[in-house]
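Down below is the structure, laid out as structure tokens.
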Amino acid sequence: SGSLKRGAAPTRKTRLRVKSRKAVSDNALDDMCRTLVRHRDDWTCQRCGSKRAPEWSHVMSRNAKSIQWVPWNSMILCGPKINAYSCHGWWHNNIEAAMTWWADKFPDRALALEFWRHAKKHKVDRLATKLWLHQEVAKLR
């Protein structure tokens, strides 16, 4: 218990505990979004149609947390991305051509992503995102 003197602010002898762990981890959300995109794209490269080495790829950078777990910002490309001859490698080495190709192939996703990119400038509600992704994955199964 603290002391309270006239004109003084109350003091605490015990430290307040701050939760250091996130209620929902980035890894859990990554796993759910990756699962959703893999099922949606049938584990098939969206550029060449190959089922060889499917990798989860983001259209816009994963650094943009507000759209990191939005399925319209993801697709399956054959990998690995370090190989310039794979579609994932092509994506990273030819970003302007890749973005044009993607917007032409998926105009509905491009429109949705543009909306989300501008509308979601606030902090991500991880629990709501987890619940929504869980619901979307359940629809695919």
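Numbers for the structure displayed
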quantity: Index of the failed condition, residue 55 passing every other in (1) of a type in the set (Asp, Glu); (2) in contact with a Lys or Arg (Cβ under 8 Å, 6 or more places away or on another chain); (3) farther than 20 Å from residue 140 by Cα; calculated: (3)
quantity: Residue within region 34-49 that is modelled with pLDDT of 55 or more, more than 19 Å from residue 86 (Cα to Cα) and in a loop (DSSP other than H, G, I, E, B) present; calculated: no
quantity: Region 50-69, residues that are open to solvent by less than 70 Å² (accessible area, probe 1.4 Å) and part of a loop (DSSP other than H, G, I, E, B); calculated: 50, 53, 59, 60, 61, 64, 68, 69
quantity: Selection from region 65-88 of residues that are touching a strand residue (DSSP E or B) at 6+ places or on another chain (Cβ under 9 Å) and of a type in the set (Gly, Ala, Ser); calculated: 74, 79, 86
quantity: Residue 110 vs. criteria at pLDDT below 95, surrounded by fewer than 18 Cβ atoms within 10 Å (Cβ to Cβ), of a type outside the set (Phe, Trp, Tyr) and within 17 Å of the chain's Cα centre (by Cα); calculated: yes
quantity: Exclusive hit being hydroxyl-bearing (Ser, Thr, Tyr), assigned to a helix (DSSP H, G or I) and surrounded by fewer than 17 Cβ atoms within 10 Å (Cβ to Cβ), set 100, 129; calculated: 100
quantity: Cβ-Cβ under 7 Å pairs, at least 6 apart or on other chains, region 121-141 side closer than 19 Å to residue 63 by Cβ and touching a residue at least 60 places away in the same chain (Cβ under 8 Å), far side outside any helix (DSSP H, G or I) and open to solvent by 50 Å² or more (accessible area, probe 1.4 Å); calculated: 126/22; 126/23
quantity: Residue match in region 70-81 (condition: in a helix (DSSP H, G or I), among the aliphatic types (A, V, I, L, M) and surrounded by 13 or more Cβ atoms within 10 Å (Cβ to Cβ)); calculated: no
quantity: Count of region 25-45 residues which are farther than 16 Å from residue 62 by Cβ and within 13 Å of the chain's Cα centre (by Cα); calculated: 1
quantity: Filtered residues of region 62-116 (kept if farther than 16 Å from residue 38 by Cβ, among the hydroxyl-bearing types (Ser, Thr, Tyr) and in contact with a helix residue (DSSP H, G or I) (Cβ under 9 Å, 6 or more places away or on another chain)); calculated: 66
quantity: Subset of region 113-126 that is among the hydrophobic types (A, V, I, L, M, F, W, C) and open to solvent by less than 100 Å² (accessible area, probe 1.4 Å) - its residue that is farthest from residue 28 (Cα to Cα); calculated: 119
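The values are calculated or read from the model by the stated rules, or taken from the named source; none is laboratory data. Everything numeric in this text was worked out from a predicted model, so none of it was measured. All Cβ positions, even for glycine, are placed from backbone atoms using ideal geometry, and neighbour counts span all protein chains on display. Only protein heavy atoms, including side chains, enter the accessible area calculation; ligands, DNA and RNA are left aside. Shrake-Rupley method; radii C 1.70, N 1.55, O 1.52, S 1.80 Å.
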